[in-house]
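Below is one structure; the comments refer to it alone.
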Amino acid sequence: MGVTVDVRQYPNPMDKNVISVKIVEEKRDVSTGIIYRKRIAVCQNVVPEILRKVNILKVPSIQLEEESWLNPQERNMAIRSHCLTWTQYASMKEESVFRESMENPNWTEFIQRGRISITGAGFLNYILETFASTFLRQGAQKGIRIMEMLLKEQCGAPSAE
């Protein structure tokens, strides 16, 4: 797993929803070698038009903050992200871990957890939570495909099907 793959993952032609990604902080802990990076991503508003009739959902883009900790010595990376848009109505958090497989050091295990909670939208809470959950699940699958493609380009190794 390379740092360059993580940085190059977005924006990417395979995911046109990501408009831009800006690194706002990056540092390396000299004692541990861990690389910390904070990025802000601007994404297109993917909320369906019918739901954008609600004023708070009528925004052109959505901002996400992502923090990552890459430990090259232990060959793992943790990522935590959350939505900066609609914070007064929604809490959307995601945590991911990439680590070396115990079965085979050439494999990478990927663990992801997410939590979505929407309040203040009345009867739309459940509909919005369902939409967000489905969208994030599909986004995670797309992210894995993009990461595999970039790793294949960088390392020349075939991805596991």
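The values are calculated or read from the model by the stated rules, or taken from the named source; none is laboratory data. Computed from a predicted structure; not experimentally measured. A quick note on method: Cβ atoms are made from the backbone with ideal geometry, for glycine too, and the neighbour counts reach across all protein chains shown. We work out accessible area using only protein heavy atoms, side chains counted, and drop any ligands, DNA or RNA first. Shrake-Rupley method; radii C 1.70, N 1.55, O 1.52, S 1.80 Å.
Report whether or not residue 99 is farther than 21 Å from residue 65 by Cβ, basic (Lys, Arg) and part of a strand (DSSP E or B). The answer is yes for residue 99. Can residue 84 be described as in contact with a helix residue (DSSP H, G or I) (Cβ under 6 Å, 6 or more places away or on another chain), farther than 28 Å from residue 109 by Cβ and not polar (S, T, N, Q)? Judged against the criteria, residue 84 is not a match.
For region 41-59, the criterion of a residue being at pLDDT 90 or above, surrounded by 14 or more Cβ atoms within 10 Å (Cβ to Cβ) and over 17 Å from the mean Cα position of the chain (by Cα) is satisfied by no position.
Okay, residues lined up against (1) modelled with pLDDT of 85 or more; (2) hydroxyl-bearing (Ser, Thr, Tyr); (3) loosely packed, with under 14 Cβ neighbours inside 10 Å; (4) touching a Cys at 6+ places or on another chain (Cβ under 6 Å):
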site	(1), (2), (3), (4)
76	yes, no, no, no
88	no, no, yes, no
92	no, no, no, yes
95	yes, no, no, no
103	yes, no, yes, no
113	yes, no, yes, no
131	no, no, no, no
139	no, no, no, no
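Scanning region 25-40 for residues that are in contact (Cβ under 8 Å) with a residue 12 or more places away in the chain and assigned to a strand (DSSP E or B), we see that the one that is most open to solvent (accessible area, probe 1.4 Å) is 26.
Selection within region 4-24: residues that are in a strand (DSSP E or B) and modelled with pLDDT of 75 or more. The member of this set that is least open to solvent (accessible area, probe 1.4 Å) is 18. Only one of the numbered conditions (1) under 20 Å from residue 134 (Cβ atoms); (2) touching a strand residue (DSSP E or B) at 6+ places or on another chain (Cβ under 7 Å) is not met by residue 86, and that is (2).
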